[in-house]
Amino acid sequence: MSSDDGWRGSVVLVLGSSTGGIGRHVASLARGLAAAGCRVLVCGPAATDEHFGLSTSGVDFAAVEIPADPGPQDSGAIRQLRKAIAGRDAEVIHAHGLRAAFVVSLARTGVPLVVTWHNAVLARGLKGQAGALLERIVARNADLTLGASEDLVERALALGAKSARLGPVAAPAMGAPRRTRAAVRAEFRLRGDTPLILSVGRLHPQKHYDLLVQGAARWRDLDPAPVVVVAGSGPSYMNLAQEASRLHAPLHLLGHRTDVPDLLLGADLAVITSDWEARQLFAQEALRAGVPLITTAVGGLPGLVGDAAVQIPPRDLDALDAAVRDLLGDPRRRADYAARGPRQAATWPDEPAVVDDVRSAYAEIAAVRR
């Protein structure tokens, strides 16, 4: 389906609180759907709108305050959602993430529901049990489930989803660097051929940046010893900073950065140490930029990176250590992976292709309802 033909109905996009990939994806979809002639309403927290500029992207926006965890406060979000869609003659509601989909399910709007699963439930104990119940309710209430990775599709089907398939999530086009490689390296006072290792993402236990801290401490015996920088903010900041100080690890926590293209230009290696990811944004940015990537083989990452990255088991410090030493010690191998990245990136769907795929999904469930 090209962007010039196909479904052009009325859709409501719903999301919860987001400062990362889900918000970027919804903003991209909203713009693309509106450009294709669809009538688009986005419903989500006011703070998410402020972060991504949803209400200024040419679509309607309604504040629906979906809290991070289920509870009695969901009743307020349900009322806000029902009020927002009243009289709009919506043909499809597309919820992004389990929390948004749960609120839509409870609202019982009678409008066909598409749900995109962006993340896995990783919590254990009571919180994990609550998450599993949430998954089951969402899976069984959706007319169509789109998974950002194959394991999410399999999970939804196992929990009773009526219909589920892979739903690609495109990374937004990355801007060009604004500084030179030398200028980026000067920021971190790197001399000569000192390697710069980069990771970008939320500082959260799921990302396991503690492995990077421990690795940075080990790599002090290399000559020259690499410097590790992590761009991002989040709840793990203090723990990581304290651990880096205790181990005297040459690792810098940069906080939130808007110059990732610059950082990639200055980097010699990119590293991802997560327990789980679907289509991780930084993995896509690193491969597009031609920066050799080391990543854990979890979730959707193996299918995303193919043979264009070195894949290691999760939570394996020795494997991370060996992979970094191997690449830093072999310039020809680094150059090979640098060339593989853009070739792999060329196989991914771009934002217009993802919009067309979603429009096909909307047409599919609309036809079933008719």
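Numbers at a glance
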{"item": "Residue in region 216-225 that is among the acidic types (Asp, Glu) and within 16 Å of ALA267 (Cβ to Cβ) present", "result": "no"}
{"item": "Checking GLY87 against (1) part of a loop (DSSP other than H, G, I, E, B); (2) among the small types (Gly, Ala, Ser); (3) touching a helix residue (DSSP H, G or I) at 6+ places or on another chain (Cβ under 9 Å), the condition it does not meet", "result": "(3)"}
{"item": "Residue tally, condition of a type in the set (Asp, Glu) and either loosely packed, with under 15 Cβ neighbours inside 10 Å or in a loop (DSSP other than H, G, I, E, B) (or both), over region 147-204", "result": "2"}
{"item": "Single residue of region 25-44 satisfying the filter (of a type in the set (Gly, Ala, Ser) and part of a helix (DSSP H, G or I)) that is surrounded by the fewest Cβ atoms within 10 Å (Cβ to Cβ)", "result": "ALA35"}
{"item": "Those residues of region 253-273 which are surrounded by fewer than 17 Cβ atoms within 10 Å (Cβ to Cβ) and either touching an Asp or Glu at 6+ places or on another chain (Cβ under 9 Å) or farther than 22 Å from ALA289 by Cα (or both), in sequence order", "result": "none"}
{"item": "Criterion: farther than 19 Å from VAL26 by Cβ, among the hydrophobic types (A, V, I, L, M, F, W, C) and either assigned by TED's automatic domain parsing to the domain that holds VAL354 or touching a strand residue (DSSP E or B) at 6+ places or on another chain (Cβ under 8 Å) (or both) - qualifying residue of ALA90, ALA86, ALA101, ALA95", "result": "ALA86"}
{"item": "Only listed residue being under 24 Å from ARG140 (Cα atoms), in contact with a helix residue (DSSP H, G or I) (Cβ under 7 Å, 6 or more places away or on another chain) and of a type in the set (S, T, N, Q), chosen from SER105, SER28", "result": "SER105"}
{"item": "Complete set of residues in region 214-247 that are in a loop (DSSP other than H, G, I, E, B), surrounded by fewer than 17 Cβ atoms within 10 Å (Cβ to Cβ), over 22 Å from the mean Cα position of the chain (by Cα) and not acidic (Asp, Glu)", "result": "LEU222, PRO224, ALA225"}
{"item": "Any chance HIS208 is out of contact with any Asp or Glu (no Cβ under 8 Å at 6 or more places or on another chain) and assigned by TED's automatic domain parsing to the domain that holds LEU281", "result": "no"}
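The values are calculated or read from the model by the stated rules, or taken from the named source; none is laboratory data. Not measured: the values here are computed from a predicted model. When we count neighbours, we look across all protein chains shown, and the Cβ atoms used for this are built from the backbone with ideal geometry, even at glycine.
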